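Chemist: Supplied in structure tokens, the structure appears directly below.
The values are calculated or read from the model by the stated rules, or taken from the named source; none is laboratory data. These numbers were taken from a predicted model, which means no experiment stands behind them. All Cβ positions, even for glycine, are placed from backbone atoms using ideal geometry, and neighbour counts span all protein chains on display. To get the accessible areas, we keep the full protein, side chains included, count just its heavy atoms, and leave off ligands, DNA and RNA. Shrake-Rupley method; radii C 1.70, N 1.55, O 1.52, S 1.80 Å.
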Amino acid sequence: MQDRNHLARVSTTHQVNIIENGLIDIPMLQILKPDGSLHEQAVEPDISEQTARKIYDTMEYTRVLDERMIGAQRQGRISFYLASTGEEAAVVASAAALSDQDMIMSQYREQGALAYRGYTTQQFMNQMFSNEKDPNKGRQMPIHYGDKELNFMTISSPLGTQIPQASGYAYGQKMAGKDAITICYFGEGAASEGDFHAGLNMAAVLHCPVIFFCRNNGYAISTPAEEQFAGDGIASRGLGYGVKTIRVDGNDPLAVFAATQHARKLALDEKCPVLIEAMTYRLAAHSTSDDPTGYRSRDEEDKWRAKDPILRMAKWMKQKGWFDEEANKKLIESSRQAVLSALKEAEKVAINPIEDIVNDVYSEVPWHLQEQLENLKSHIRLYPQMYPKTSGRVK
Amino acid sequence: MAKMNLLQAINSALITAMEQDKRVMVFGEDVGHFGGVFRATSNLQQKFGRDRCFNTPLTEQGIIGFANGLASQGSVPVAEIQFGDYIFPAFDQIVNETAKFRYRSGGQFSCGTLTIRTPYGGGIAGGHYHSQSPEAFFAHIPGMKIVIPRNPYQAKGLLLASIRDDNPVLFMEPKRLYRASVSDVPEDDYELPLGKADIVEEGSDITLVGWGAQIEVLQKAAEMALEDGVSCEIIDLRSILPWDAEAVVDSVRKTGRLLVNHEAPQTGGFASEIAATVQEKCFLYLEAPIARVCGLDTPYPLAHEKEYMPDQYKTYEAIKRTMNY
Ligand SMILES: Cc1ncc(C[n+]2csc(CCOP(=O)(O)OP(=O)(O)O)c2C)c(N)n1
């Protein structure tokens, strides 16, 4: 048997020596200044014009989608929505640093990553209208996307559950010899859940090629970060679990891209987890059910509005000569049109037939669910007017 | 008396409890300054300070584990779990700890002062992670009480009784009633007994048993049945554990028929327990099989919510089948 010594890496001291948070300084990577120029000594990541544009366009698209869907919710056309306004760079630029084969496990504010992968406007709408074309068959609330072809795991509402799952998924990828990793997005709030601690520990000990990507956006619904954690953030927890860690300015698309590119390479080459903490701000309300004026000031929001990641990137692209004002305006306008027409289209599609209430509970419908379905159908036949969305198809 | 909706009645109960006993502390996700996502804890922090009403980090496991420790110390925690669906991360703390503290320590320690509040139930287009009715899971653990109010008056009286009860209580709030209506609620302190059912309507032909928001469904079905000349007795259980078997048994001995309605899936639901007990104690009085009108044995759906719900039409049809057996 191997002789193990868990003290091998522990140094000694002969005075009481208390290590306080703050002594371990985890700096935040910044590459782009707000005016679009590079910080001194900052190195521009290896990014092509095409990738930069795709990141930029996806951020703009996401913002249009968010605006329009919040509007649609106010008109009562969909029941719920969650915006990623202010956090577009954290999500889109990280997704851009991945390969299409990498699995994305998201929390719920990562529509930008899905859009980057090519999820269409119509697909977004079908999910939000829980219609027959929604791949989830209308079973989950709006914004619970999922797409197997795009390697985007279907979202679950309970927070943090995807974190240990990401470790397991990544371990599976490693064992199958795949040239791919898993990225797992979550908020600083979700990082308080037990699942976070379990997930990081599992990944570190079992050498899983996974990137844990924390969007530290200052709020979990109404709870400000200082009531969420007492340390300086989430990054220090990575170190505690023996996970390689990087903190990045989440409103700086180049920094996020560079950090994620590095993290991906590390995860793949060294078969290890990496934690990225993106420091950003949730400019939007938590969701359409929330009213942030009850817990924070307009002033505070405005300070962050000035750090808009989309503006910052536009300024950088202008300096590179990669930005066309006219084309951008057209893009925004056409996105607006596309969202509107896809929305109208999705509204027209029926909901799933009633049989889908019992499908997918198990791989096959067992006798008791078959029986419950038959009873339900006879009941709908008796009261067709009470169940108008399904009765038309119950013969 | 004041006009209050269910949320205001809960808020009023919490204020009464906190004024009356300094040991009472209220906490959970977003519970502090903001007053909770449903605003049940509004103004408590302003009134009683941050030490007694506060936000916790986002961890249900942490909230209940913390509450267990606090309760075992003699404080009186009222912990909020934001949605019943998110109580499961705390399942271990509740099932293995909250409920068994007293028993395993030979009565030396207990979590008797703990009350866990959580909104539950469907009918709000919340999909399956904002609609579940998890009462049956907790009814399976000996050692704690489960209480569910059906209106503002009950909410205040039952919550005050739960906070002051010597046992840990899971207090489940039917969220679709939160703002549904207002009714008269005393501004003063009052309690309603735990473990006692409420006879909502007297009747002679069939006993209808339910709790929480489903009582309304039973009332509507009873009205439809009345047009056919069927007289329904409606019982609101109010406490799932311990439940008032005596009230139900007495009623079934009178009517000879029983229907139980709940939103949770049928298999292993609490209706099964009621049905088993009643057939044991009323076998010779029964004139028809006991009917259950429950949720399907599927996860709670979104688009098919209307179809899933054990509504008044399904209940009415089941009443007819039972009457015509
Ligand atoms: C286990 C669990 N508890 C509570 C909730 C309710 N909830 C939904 S979002 C949210 C806040 C999440 O904050 P954070 O993780 O920081 O992400 P952000 O919304 O800031 O992007 C809460 C408490 C939930 N979905 N799951």
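Chemist: Kindly list, by first and then second residue, each pair from a residue in the range A:291-306 that is surrounded by 13 or more Cβ atoms within 10 Å (Cβ to Cβ) to a residue that is modelled with pLDDT under 95 and β-branched (V, I, T), limited to pairs with Cβ atoms under 8 Å and residues at least 6 apart or on different chains.
Modeler: none
Chemist: Tell me whether the range A:239-253 contains one or more residues that are crowded, with 21+ Cβ neighbours inside 10 Å, away from chain B (no Cβ under 14 Å), of a type in the set (G, A, S) and away from the ligand (no atom under 15 Å from the Cβ).
Modeler: Checked the range A:239-253: no residue is crowded, with 21+ Cβ neighbours inside 10 Å, away from chain B (no Cβ under 14 Å), of a type in the set (G, A, S) and away from the ligand (no atom under 15 Å from the Cβ).
Chemist: Go through the range A:197-220 and give me each residue that's surrounded by fewer than 24 Cβ atoms within 10 Å (Cβ to Cβ) and more than 9 Å from the ligand (Cβ to nearest atom).
Modeler: A:H197, A:A198, A:N201, A:M202, A:A204, A:V205, A:L206, A:H207
Chemist: Going by the conditions given, is A:A230 assigned to a helix (DSSP H, G or I) and open to solvent by 10 Å² or more (accessible area, probe 1.4 Å)?
Modeler: no
Residues are listed down the side, and each one gets a yes or a no for (1) surrounded by fewer than 18 Cβ atoms within 10 Å (Cβ to Cβ); (2) away from chain A (no Cβ under 14 Å); (3) in contact with a helix residue (DSSP H, G or I) (Cβ under 7 Å, 6 or more places away or on another chain):
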residue	(1), (2), (3)
B:K3	yes, yes, no
B:L14	no, yes, yes
B:Q20	yes, yes, no
B:N43	yes, no, no
B:I64	no, no, yes
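Chemist: Hey, can you tell me all the residues within the range B:81-99 that are open to solvent by less than 10 Å² (accessible area, probe 1.4 Å), within 16 Å of B:H140 (Cα to Cα) and within 16 Å of the ligand (Cβ to nearest atom)?
Modeler: Selection gives B:I87, B:A90, B:I94.
Chemist: Any idea which residue in the range A:311-370 is nearest to the other protein chains (Cβ to nearest Cβ), counting only those that are out of contact with any helix residue (DSSP H, G or I) (no Cβ under 8 Å at 6 or more places or on another chain) and of a type in the set (K, R)?
Modeler: Among residues in the range A:311-370 that are out of contact with any helix residue (DSSP H, G or I) (no Cβ under 8 Å at 6 or more places or on another chain) and of a type in the set (K, R), the one nearest to the other protein chains (Cβ to nearest Cβ) is A:K348.
Chemist: Same structure again: Taking the range A:275-290 as the search range and keeping residues that are open to solvent by less than 30 Å² (accessible area, probe 1.4 Å) and within 11 Å of chain B (Cβ to nearest Cβ), which one is nearest to the ligand (Cβ to nearest atom)?
Modeler: Only one residue tops the list, namely A:H286.
Chemist: Taking the range A:334-370 only, how many residues are among the hydrophobic types (A, V, I, L, M, F, W, C) and either in contact (Cβ under 8 Å) with a residue 40 or more places away in the chain or under 19 Å from A:S79 (Cβ atoms) (or both)?
Modeler: 11
Chemist: Tell me, please, whether a residue that is more than 15 Å from the ligand (Cβ to nearest atom) and within 30 Å of B:P301 (Cα to Cα) can be found in the range B:10-29.
Modeler: The answer is yes; a qualifying residue exists.
Chemist: Kindly indicate whether any position in the range A:384-395 is in a helix (DSSP H, G or I), over 28 Å from the mean Cα position of the chain (by Cα) and more than 12 Å from every other protein chain (Cβ to nearest Cβ).
Modeler: Checking the range A:384-395: not a single residue is in a helix (DSSP H, G or I), over 28 Å from the mean Cα position of the chain (by Cα) and more than 12 Å from every other protein chain (Cβ to nearest Cβ).
Chemist: So, one more: Can you tell me which residue among A:T121, A:T85 is hydroxyl-bearing (S, T, Y) and within 16 Å of the ligand (Cβ to nearest atom)?
Modeler: Residue meeting the stated conditions: A:T85.
Chemist: Quick check: is even one residue across the range B:127-150 in the same structural domain as B:N11 (by the TED database), on the phi > 0 side of the Ramachandran plot, within 16 Å of the ligand (Cβ to nearest atom) and not hydrophobic (A, V, I, L, M, F, W, C)?
Modeler: Yes, there is a match, as at least one residue in the range B:127-150 is in the same structural domain as B:N11 (by the TED database), on the phi > 0 side of the Ramachandran plot, within 16 Å of the ligand (Cβ to nearest atom) and not hydrophobic (A, V, I, L, M, F, W, C).
Chemist: Out of A:T288, A:T280, report the one residue that is closer than 25 Å to A:R53 by Cβ, among the hydroxyl-bearing types (S, T, Y) and within 24 Å of the chain's Cα centre (by Cα).
Modeler: A:T280
Chemist: Still on this structure, please answer the following. Find the residue count for the range B:187-217, including only residues that are over 26 Å from B:M309 (Cα atoms) and of a type in the set (S, T, Y).
Modeler: Number of matching residues: 2.
Chemist: Still on this model: Can you confirm whether A:T223 is within 12 Å of the ligand (Cβ to nearest atom), free of Cβ contacts under 8 Å to residues at least 60 places away in the same chain and not hydrophobic (A, V, I, L, M, F, W, C)?
Modeler: Judged against the criteria, A:T223 is a match.
Chemist: Wholly within the range B:100-212, which helices (runs of 4 or more DSSP H) include no fewer than the required count, namely at least 2 residues that are open to solvent by less than 20 Å² (accessible area, probe 1.4 Å), of a type in the set (G, A, S) and over 24 Å from B:F66 (Cβ atoms)?
Modeler: B:152-164
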